[in-house]
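Read through the structure below, which is laid out as structure tokens, and then see the notes.
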Amino acid sequence: MSDAPKKLHIKTYGCQMNVYDSERMAEALSRANMGTGGYELTDDPAQADMVLLNTCHIREKAAEKVYSDLGRLRPFKEANPDLKIGVAGCVAQAEGEEIMRRMPLVDLVVGSQNYHRLPDMVRATASGAHPVDTEFPVEDKFEHLPERPASGRPTAFLTVQEGCDKFCAFCVVPYTRGAEVSRPAARILTEARKLVEKGVREITLLGQNVNGYHGQGPDALGGGDWGLAQLVRALARIDGLERIRYTTSHPNDMDDKLIAAHGEEAKLMPYLHLPVQSGSDRILKAMNRKHTAEDYLRLIERIRAARPDMMLSGDFIAGFPGETDADHQATLDLIAAVGYGMAYSFKYSPRPGTPAADRAPVDAAVADARLQELQALITRQQRAAQEGMVGREVGVLFEKPGRLPGQWVGKSDYLHAVHATGEGLGQGVLARVRITASAPNSLAGERISA
Ligand code: SAH
Ligand code: SF4
Ligand code: F3S
């Protein structure tokens, strides 16, 4: 038997939590963790001994894409009968065994909370088993996954909270990720310190409802129940960690302490993704959002009072069941009132098992037209926000070389992609940059000499 490591190809769909999970799955299946039976990553599915699809169930299109991608793997499996194919993530959690019935080429199905069991499941496939594990386990997958190796990148995701108890009427997340669970603060701080030792300068804390974080405080710091503001303040004390972000937040969990932290913690970046979904109170009620448009606008005022340069981003759904032209107009009005730096809009997609799925749909052409209108307004705002950066000085954390000689690319404090030139730039360098020009999807600038 050859000693060459087996190759693993992972394709990641959906949100950043899946990106984080994919990294952890790669580590769980690595030689460092599994010994000679372990895998190393390949970008090329044709080279792979195992392909894992880490899937998303949020909208029908995302879920159906998984099945078309599985169909595309068929020739690889025919060419190499030893190829193993696994489905992980939220479609796996939602559909379980059904996936194998529809796609018999699938060898294993692992739900979003069971990645620590992957090595055993993969070993079982070697003897022809077809394991399916979508139970919500009592143990915490993170505590049973190996330590993260250095990625070489200056930025990292760190999941601090998973699941959702909010049950918005359109959303599958409470079903695919389960109830809200927050990781203990001490473990998060340890993971963050290790990342910083490995060269990470920026950490994005992840959770489906990250600002609803309420984890056990470290015993050494008096224990108790920590909120996200406390966690952020403790992270900010880690030397070498320069930037902290978090996503995604729910308006109802944006408490005074967290708002105050935005005014006081220089490491907490002035960019906040705070989805509201609609500007109509009637629709917000039908969505079970438990806040009004006015509540949201007041909240934005308070956030901007603490941090006037806060760049806001949001999510919107067009064509939720029962949405009228007036409701749609209310959403456009809310977007105009807030002025987003960035926003995402989606056509409502009925999801099996969610309350809204049984309600009478909005005419598809009407929903399409509304989506177009939302997107046009959002694009104008994004462009204006980006052009407003020209002439300003911003912090940029550089991540990789640009296309031109001497040029480096990174992210501004406000999460804009920035191409810059100047002395001493390199991976992981955090520098002040004067923005000189705005292109459709990025900014250009020059480093301000120190
Ligand atoms: N936890 C986050 C994000 C959840 S999913 C939050 O509460 O905001 C990301 C976005 O997908 C949502 O904000 C919503 O705008 C969109 N989305 C979720 N379910 C959807 C559905 N059934 N149809 C269309 N868009 C949906
Ligand atoms: Fe879904 Fe609502 Fe929970 Fe966000 S808050 S994950 S939209 S149920
Ligand atoms: Fe999709 Fe699951 Fe994330 S449904 S958006 S991958 S939590």
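The values are calculated or read from the model by the stated rules, or taken from the named source; none is laboratory data. This structure is a prediction, so every number in the text was calculated from the model and none was measured. Neighbour counts run over all protein chains shown; Cβ positions are idealised from the backbone, glycine included. Only protein heavy atoms, including side chains, enter the accessible area calculation; ligands, DNA and RNA are left aside. Shrake-Rupley method; radii C 1.70, N 1.55, O 1.52, S 1.80 Å.
Computed 3J(HN,Hα) for segment 428-445, one whole-Hz value per residue from the Karplus formula 6.51 cos²θ - 1.76 cosθ + 1.60 where θ = phi - 60°, is x, 7, 9, 9, 7, 10, 8, 7, 10, 7, 10, 9, x, 10, 7, 10, 10, x, glycine and proline marked x. For residue 15, the accessible area of its heavy atoms, probed at 1.4 Å with every protein chain present, is near 60 square angstrom. The value of relative contact order for segment 82-240, using C-alpha pairs under 8 Å at least six residues apart, is 18 percent.
Using Cα pairs closer than 8 Å and at least 6 residues apart in sequence, work out the relative contact order for the chain, in percent.
Numbers: 909 pairs, mean separation 42.2, N = 450.
Computed value for the chain: 9 percent relative contact order.
Only protein heavy atoms count here; under a 1.4 Å probe, residue 415 has an accessible surface of about 60 Å². Sorting 411, 257, 267 by solvent-accessible area of protein heavy atoms yields 257, 411, 267, largest first, with a 1.4 Å probe.
Measuring between alpha carbons in the structure, the pairs from 6/65; 61/198; 194/400; 7/141 lying more than 32 angstrom apart are 61/198. For segment 6-133, the per residue solvent-accessible surface stands at 42 Å², with DNA, RNA and ligands left out and a 1.4 Å probe.
Hull volume per residue, based on the alpha-carbon atoms of the chain and their convex hull, is 161 Å³.
Listed values for segment 96-111 are Karplus-derived 3J(HN,Hα) couplings in whole Hz (6.51 cos²θ - 1.76 cosθ + 1.60, θ = phi - 60°), namely x, 4, 3, 4, 5, 5, 6, 10, x, 6, 6, 9, 8, 10, 10, x, and x replaces Gly and Pro.
Accessible surface of residue 102, taken over heavy atoms with a 1.4 Å probe and every protein chain present, rounds to 120 Å².
Backbone amide hydrogens, once placed in the peptide plane, bring residue 346 within less than 5 Å of 316, 317, 318, excluding anything fewer than 5 places away on its chain. Across all directions, the average flat footprint of the convex hull enclosing the Cα atoms of segment 6-133 is 6.8 nm².
Work out, in µm²/s and without decimals, the Stokes-Einstein translational diffusion coefficient of segment 309-450 at 37 °C, 0.692 mPa s, Rh from Kirkwood over C-alpha pairs. Could you put the intermediate results ahead of the total?
On the way: Rh = 17.2 Å.
So the translational diffusion coefficient is about 191 µm²/s.
Given 268, 93, 205, which one lies farthest toward the positive end of the charge dipole of the chain, if we put +1 on the Cβ of every Lys and Arg and -1 on the Cβ of every Asp and Glu? Of 268, 93, 205, it is 268. Backbone amide hydrogens, once placed in the peptide plane, bring residue 10 within less than 5 Å of 42, 52, excluding anything fewer than 5 places away on its chain. Comparing 131, 104, 149 in a Gaussian network model of the chain where C-alpha atoms under 10 Å apart are linked, the largest mean-square fluctuation is found at 104. Ordering 216, 240, 188 by Cα displacement along the dipole of segment 150-269 toward the positive end leaves 240 in first place; charges were set at the Cβ atoms of Lys, Arg (+1) and Asp, Glu (-1).
At a 1.4 Å probe radius, carbon and sulfur cover how many percent of the accessible area of the chain? Walk me through the numbers on the way to the answer.
Details: 10230 of 19820 Å².
Taking all protein chains in place, the chain shows 52 percent carbon and sulfur surface.
Give the lysines whose C-alpha is closer than 20 Å to that of residue 257, dropping any in the same chain fewer than 8 places away, or say none. Output for residue 257: 267.
Altogether, the Stokes-Einstein calculation at 20 °C and 1.002 mPa s, with the Kirkwood radius of segment 154-226 over Cα pairs as Rh, returns a diffusion coefficient of 162 µm²/s.
Looking at segment 375-450, the GluC sites (Glu not before Pro) that sit in a DSSP loop and have at most 10 other Cβ atoms within 10 Å of their own Cβ are 423.
For Cα pairs less than 8 Å apart in space and 6+ apart in sequence, what is the mean separation divided by the residue count of segment 150-269, i.e. the relative contact order in percent? Contact order relative to length: 26 percent. Go through the cysteines of the chain and tell me which have no other cysteine Cβ under 4.7 Å away. Result for the chain is 15, 56, 90, 164, no neighbouring Cys Cβ within the cutoff. Solvent-free Debye calculation, one equal scatterer per alpha-carbon of segment 393-447: log10 I(q)/I(0) at 0.13, 0.18 Å⁻¹ equals -0.22, -0.44.
Solvent-accessible surface of protein heavy atoms, probed at 1.4 angstrom with all chains present, puts 237, 24, 434 in the order 237, 434, 24, largest first. Rounded to two decimal places and with Rh computed the Kirkwood way over Cα pairs, what is Rg over Rh for segment 216-267? Result for segment 216-267 is an Rg/Rh of 0.97.
Using heavy-atom solvent-accessible surface (probe 1.4 Å) with all chains present, what is the largest-first order of 413, 21? Write out the running numbers ahead of the final one.
Numbers: 413 30, 21 5 Å².
Greatest to least solvent exposure: 413, 21.
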